[in-house]
Every structure is written in C-alpha cells, then in structure tokens.
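The values are calculated or read from the model by the stated rules, or taken from the named source; none is laboratory data. Nothing here was measured: the structure is a model prediction, and the numbers come from that model. Here Cβ is always computed from backbone atoms with ideal geometry, including for glycine, and neighbour counts include all displayed protein chains. These area figures cover heavy atoms from the full protein model, side chains too; ligands, DNA and RNA do not enter into them. Shrake-Rupley method; radii C 1.70, N 1.55, O 1.52, S 1.80 Å.
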Amino acid sequence: ADGAAHEFFVVSALTNNVLRYDGTTGVFTDAFASGGGLSIGHGMIFGPDDNLYVANVLTDQVLRFDGSTGAFIDVFASGGGLDAPTIGLAFGPDGNFYVNSSETDNVLRYNGTTGAFIDIFATGSGLDKPRDLAFGPDGNLYVTSEITDDVLRYNGTTGAFIDVFASGSGLDAPFGEVFGP
C-alpha cells in the first residue's frame with residue numbers, strides 16, 4: 001500500500017484483529033483488518049502484491065487482507081499439513097510463499113500467486129518447533145528451531161539441509177530473526 005511505509009501494524013492475537021498505528025508517532029489509527037475467521041493471529045507480512053498475509057494459528061491457515069482497506073480477501077494458504085503457522089512467513093526469491101508449520105516441524109511451500117500447496121520444502125535435521133524463517137542474502141533459508149535452540153540453514157532452491165548456522169552462546173528458544181544491512 002502506498003501509505004504503508006508510514007503506518008505500523010500489529011497483530012493482536014487475543015482480540016483477533018490487526019491494529020494500525022501512525023508509523024511516526026505511534027498513535028492508534030484503527031482496527032485495520034479482522035474477519036475471515038482470524039483467530040489467534042501470529043506472524044504477518046505484506047506481499048509483493050501489497051496485500052497483508054496473516055498466520056492464523058487456530059485454523060491452520062494464512063489469511064489474505066487487502067493492503068489498502070484491510071478487507072478480508074480469502075484464505076490464501078492452507079492444507080499440505082499446515083499446523084499452527086507462526087511468525088515465519090516469507091515470499092522467497094522464487095516468488096513462492098513459505099510458512100512454518102510449527103506442530104509438524106516443517107517449512108511448507110505454496111504458490112506465491114494462487115496459494116496452492118506445492119510441497120514440504122524443508123524438514124528434519126533437528127528442526128523442532130520452527131518459529132521464524134528468512135531468506136538470507138546468500139539465497140538460503142534460515143529457520144529458527146525453538147526446542148533445539150538453533151538456527152538451521154537450508155538450501156534456498158532445493159530445501160536440502162546445509163548446517164546448523166547459529167547455536168549456543170545463550171541462544172535459548174529462538175523466535176525472531178532478521179538479516180541486517
């Protein structure tokens with residue numbers, strides 16, 4: 001959305017909506033998005049189409065809302081074993097949509113335009129309760145594993161496990177991750 005750079009959005013998991021605030025002052029603007037069965041929303045991301053995608057934990061879906069008006073559009077991604085999607089949502093370099101399935105210990109891949117399930121993209125090698133994911137500057141996929149206290153690295157094209165990228169040094173139940181400039 002054109003004004004999105006000056007707005008700040010927060011998913012309110014227990015009130016089942018996305019709240020909008022002024023991005024400069026932090027002053028509450030409105031309840032931006034709700035409906036569509038939104039229940040215990042977790043992660044959210046604006047997609048390349050400028051719409052808002054919200055992980056809906058209770059119904060095991062990712063919901064899509066109009067990025068300008070907040071109106072519910074549709075259930076964008078579901079199925080394929082998606083169980084308790086968390087904060088890990090990303091559109092990959094290939095244009096597809098990736099989401100953590102925390103109860104099945106997988107990263108699932110969906111068509112980035114239609115939301116149709118493609119495959120289980122990454123799994124195993126110690127992945128236990130994935131919480132967040134990010135594609136790195138190297139094109140690989142990095143996934144936080146809450147129970148094993150690790151950040152795992154997978155090939156960004158094939159989903160094959162590469163290595164434990166980060167571990168130890170006080171890393172305990174990692175949730176969020178981001179690559180800096």
message: Condition check: of a type in the set (A, V, I, L, M, F, W, C), closer than 20 Å to D150 by Cβ and buried (at least 21 other Cβ atoms within 10 Å of the Cβ). Does V62 satisfy that?
response: no
task: Go through region 150-165 residue by residue and tally those that are in contact with a Pro (Cβ under 8 Å, 6 or more places away or on another chain) and more than 12 Å from F121 (Cα to Cα).
output: 2
message: Out of everything in region 11-32 that is β-branched (V, I, T) and either assigned to a loop (DSSP other than H, G, I, E, B) or over 19 Å from F46 (Cα atoms) (or both), what residue ends up being most open to solvent (accessible area, probe 1.4 Å)?
response: T24
- line: Of the residues in region 80-93, those that are touching a residue at least 40 places away in the same chain (Cβ under 8 Å) and of a type outside the set (S, T, Y) number 9
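Every residue, every condition in (1) touching a residue at least 60 places away in the same chain (Cβ under 8 Å); (2) under 13 Å from T157 (Cα atoms); (3) acidic (D, E), yes or no:
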{"residue": "G95", "(1), (2), (3)": "no, yes, no"}
{"residue": "E103", "(1), (2), (3)": "no, no, yes"}
{"residue": "R109", "(1), (2), (3)": "no, yes, no"}
{"residue": "L133", "(1), (2), (3)": "no, no, no"}
{"residue": "L141", "(1), (2), (3)": "no, yes, no"}
query: Any residue in region 36-53 that is hydrophobic (A, V, I, L, M, F, W, C), in a strand (DSSP E or B) and over 24 Å from P137 (Cα atoms)?
result: no
task: Please enumerate the residues belonging to region 105-151 that are part of a loop (DSSP other than H, G, I, E, B), of a type in the set (V, I, T) and crowded, with 18+ Cβ neighbours inside 10 Å.
output: T148
field: Pick from region 43-58, criterion open to solvent by 60 Å² or more (accessible area, probe 1.4 Å) and modelled with pLDDT of 95 or more, ranking: farthest from I118 (Cα to Cα)
entry: D50
- prompt: Which one of these does G67 not meet: (1) over 13 Å from the mean Cα position of the chain (by Cα); (2) buried (at least 17 other Cβ atoms within 10 Å of the Cβ); (3) without any contact (Cβ under 8 Å) to a residue 60 or more places away in the chain?
  reply: (3)
Filtered residues of region 158-173 (kept if small (G, A, S), open to solvent by less than 70 Å² (accessible area, probe 1.4 Å) and either in a loop (DSSP other than H, G, I, E, B) or in contact (Cβ under 8 Å) with a residue 40 or more places away in the chain (or both)): G159, A160, G168, A173
